[in-house]
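I have placed the structure first, in the form of structure tokens, so that the comments after it can refer back to it.
Readers should treat all values here as calculations from the given coordinates under stated rules, not as data from a laboratory. Just so it is clear, the structure is predicted and the values come from calculations on it, not from any experiment. Neighbour counts are summed over all protein chains in view; Cβ atoms, including those assigned to glycine, are modelled from backbone coordinates with ideal geometry.
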Amino acid sequence: MNRAEAIAALTAPGEPYELEQVETPRGTVRAFRNAPPSLRALFEATATDRAFLVYEDERMTFVETYAAAARVAQVLVRDYGITAGDRVAISMRNYPEWVLAFMATTSIGAIAVAMNALWQHDELEYGLIDSGAAVLFADAERLDRLAHCSADLAVEVLAVRAPAIGRGVALDDRLAHLGGDASMPTATIAPDDAATIFYTSGSTGHPKGVVSTHRNVISALLSWELDTFATAKQAGRQTGRPNAGDRAAHQKVQDAALLAVPLFHVTGSHAVYLSSYRAQRKLVCMYKWDPDHAAELIERERVNSFIAPPAMTGDLVRIAATCGCDLSSLRVVGGGGAPRPPDQVRQIDASFAKVAPNTGWGMTETNAIGAGISGLDYLERPSSSGRESAVLDLRVVDEAGVELPTGKRGELQVRGGSVFAGYWNRPEADAEVFVDGWFRTGDVAYLDDEGYVFIVDRIKDLIIRGGENIGCGQVEAALMMHPAVHEAAVYAIPDERLGEEVAATIYADLDLDLDELRAFLLDHLARFEVPRYFTVSTAPLPRIASGKIFKRQLAAEAIADLTDR
């Protein structure tokens with residue numbers, strides 16, 4: 001049975017993942033007939049006594065988490081008058097309270113605004129004003145930054161794991177005055193009601209708020225499930241029905257995932273956190289990324305799933321060889337947030353005996369899904385992002401919007417059930433990115449004759465050198481093939497004669513010889529594609545919130561350095 005046959009069988013009438021055509025504000029989409037109608041329904045249906053949240057020495061079951069979230073929801077309704085459609089912002093580390101605030105907000109029909117916890121005070125103020133958030137959940141670091149924001153900022157503040165300062169009130173104090181009632185406030189929520197706003201972390205201009213509905217989010221979660229069950233069906237394994245209680249009852253050893261990616265990023269919130277409910281998966285939360293501590297947690301909690309950007313999974317590969325920890329529980333090392341170098345795919349396979357490496361392509365605007373690939377398929381096609389999700393359609397078009405045949409490069413476009421509703425208060429941006437129901441991703445890609453997607457660049461991530469187009473991603477991939485190069489960012493440097501020249505900043509070994517590196521690259525790139533300028537760093541490269549390398553900063557530093565010479 002091939003993948004298409006397995007998916008057809010699982011999505012047929014009467015099957016758990018039956019698909020139907022549904023009318024939404026963005027047009028007709030394929031949707032799961034048996035999907036929970038809202039995130040609230042998802043939380044309610046999965047409130048079992050299995051272990052859920054683990055943070056340091058704190059532990060909560062699914063049902064305890066739901067009860068705690070219900071009390072937070074009561075605070076929002078009783079003390080702050082939050083109703084359907086109101087925005088509630090969350091800005092903190094990966095504390096259990098992030099999960100409680102998210103569950104509470106979305107369960108009462110309000111919109112959870114996942115604020116970038118790395119933002120400084122001016123960016124934090126921008127996000128609060130732009131979203132119109134009525135309440136902000138913030139930890140100590142964010143409270144310190146909030147103190148530098150405008151005094152007349154119209155937002156109520158609930159302090160998490162910190163004493164209240166300024167305008168804030170401690171969440172624990174509010175909860176202490178509730179009494180014994182732990183029921184979730186009533187709410188009527190429709191599948192196409194807005195559930196979340198995640199801010200895109202673009203490297204230029206103000207970020208845009210990506211609004212997704214309950215249907216958008218849940219479509220992504222069930223799409224991952226479908227892919228998992230389809231893989232099992234292809235292998236001839238019993239798939240069963242995805243009922244949380246049944247799965248919990250039949251699990252001899254509970255699955256566990258390591259949450260190291262920030263929850264304000266869809267990789268962390270969707271692929272790791274939200275997908276854990278129906279899987280009844282224990283979620284082991286990290287305050288911040290530390291590869292040594294991660295290895296200790298994997299051993300202690302018997303973690304079998306780790307999904308993160310390539311920088312983190314690369315760290316784990318390196319630490320596996322030296323830490324002495326037992327990492328044999330790992331079964332999945334997945335990618336997200338940035339392309340994974342092909343060589344790292346092979347390193348993962350070699351480093352972990354029972355791991356099936358996987359990755360995918362997705363965006364904040366698609367709720368992290370789009371295409372996926374794993375196991376032998378991935379090892380044979382390490383440069384591919386996989387094949388399209390069952391609830392989505394993908395196509396590649398030229399500059400005129402005409403669909404291109406397989407093998408031809410153009411802009412990747414997507415439509416379907418997980419594609420976001422629109423940008424918050426940005427109708428002009430919506431008009432620019434939506435074309436007849438298709439979302440323009442800005443990624444340059446091609447499809448092969450088997451339907452595998454290959455992302456080759458960003459439309460705006462091109463260097464035009466003397467009339468020749470150079471894809472930064474292609475040069476970065478070549479650099480990453482060199483054993484002494486750990487990270488690479490390629491960008492344009494202004495050039496008087498050619499218009500632009502190729503430059504690169506690399507995180508590499510101290511003994512790297514640049515002449516030898518250039519000679520190495522000539523075996524993989526055209527001469528005009530080899531960087532003229534190199535900046536070598538002995539530390540990991542700076543990143544924006546999504547985990548992608550902060551190229552704008554690196555390019556500015558390189559230009560400034562050349563100007564000073």
task: On a C-alpha basis, how far is the centre of the stretch 333-410 from the centre of the stretch 283-317 in Å? Whole number, if you could?
output: 22
- request: Would you work out the relative contact order for the stretch 310-450, in percent, from Cα pairs under 8 angstrom that are 6 or more residues apart?
  value: 16
Spin-label pair residue 428/residue 481, simplified geometry with 7 Å Cα→Cβ offset, distance in nm: 4.4
field: Amide H within-cut-off set for residue 415, under 5 Å, with H built and near neighbours excluded
entry: 393, 439
Efficiency of FRET between residue 165 and residue 1 - r from beta-carbon atoms, R0 51 angstrom, step 0.05: 0.30
Net dipole in debye of the chain [+1 Lys, Arg Cβ; -1 Asp, Glu Cβ; about Cα centre; nearest 20]: 1280
- line: If 3, 331 are placed from fewest to most neighbouring beta carbons inside 10 Å, the sequence is 331, 3
task: Give a quick list of GluC sites (Glu not before Pro) in the stretch 395-427 that DSSP marks as loop, anything other than H, G, I, E or B, with at most 14 other Cβ atoms within 10 Å.
output: 399
- prompt: Under a point-charge model restricted to the Cβ atoms of Lys and Arg (+1) and Asp and Glu (-1), what is the dipole moment magnitude of the stretch 462-564 relative to its Cα centre, in debye to the nearest 20?
  reply: 440
message: Contact order normalised by length for the stretch 462-564, with contacts defined as Cα pairs under 8 Å and 6 or more residues apart; what percent is it?
response: 25
statement: Candidate cut points under trypsin sites (Lys or Arg not before Pro) in the stretch 475-532, DSSP loop plus at most 12 other Cβ atoms within 10 Å of their own Cβ, are 497
- line: For the stretch 462-564, whose charge dipole is built from +1 on Lys and Arg Cβ atoms and -1 on Asp and Glu Cβ atoms, the candidate among 494, 562, 484 with its Cα farthest towards the positive end is 494
- prompt: Using 0.36 nm per residue, how much length does the chain from residue 399 to residue 564 gain when fully extended, once their Cα-Cα distance is taken away?
  reply: 55.5 nm
Antiparallel %, DSSP beta bridges [both residues in the chain], to 5: 60
message: Starting from 0.36 nm per residue, how many nanometres of slack lie between residue 523 and residue 9 once their C-alpha separation is accounted for?
response: 180.4 nm
- prompt: For residue 505, what charge total do you get from the other residues with a beta carbon under 11 Å from its beta carbon, if Lys and Arg give +1 and Asp and Glu give -1?
  reply: -3
field: With 10 Å bins from 0: P(r) over the chain, alpha-carbon pairs, percent
entry: 3, 17, 28, 28, 17, 6, 1, 0
query: What is the stretch 462-564 by shape, rounded, prolate or oblate, if you read a ≥ b ≥ c off the alpha carbon gyration tensor as root eigenvalues and call it rounded for a/c under 1.5, prolate for a/b larger than b/c, and oblate otherwise?
result: rounded
Extreme residue, positive dipole direction of the stretch 406-565, given options 416, 544, 456 (C-beta unit charges): 416
message: Suppose a student asked you for the relative contact order of the chain, using Cα pairs under 8 Å spaced at least 6 residues apart; what percent would you report?
response: 11
- prompt: Between the DSSP loop rule and a limit of at most 14 other Cβ atoms within 10 Å, which GluC sites (Glu not before Pro) in the stretch 443-490 are left?
  reply: 450
- prompt: Which of 183, 472, 279 sits farthest toward the positive end of the charge dipole of the chain, with +1 on the Cβ of Lys and Arg and -1 on the Cβ of Asp and Glu?
  reply: 183
statement: Quick calc: nm separation of the 7 Å Cα→Cβ label points for residue 354 and residue 147 -> 4.9
query: By how many nm would the segment from residue 495 to residue 409 lengthen if fully extended, with 0.36 nm per residue of separation less the alpha-carbon distance?
result: 28.3 nm
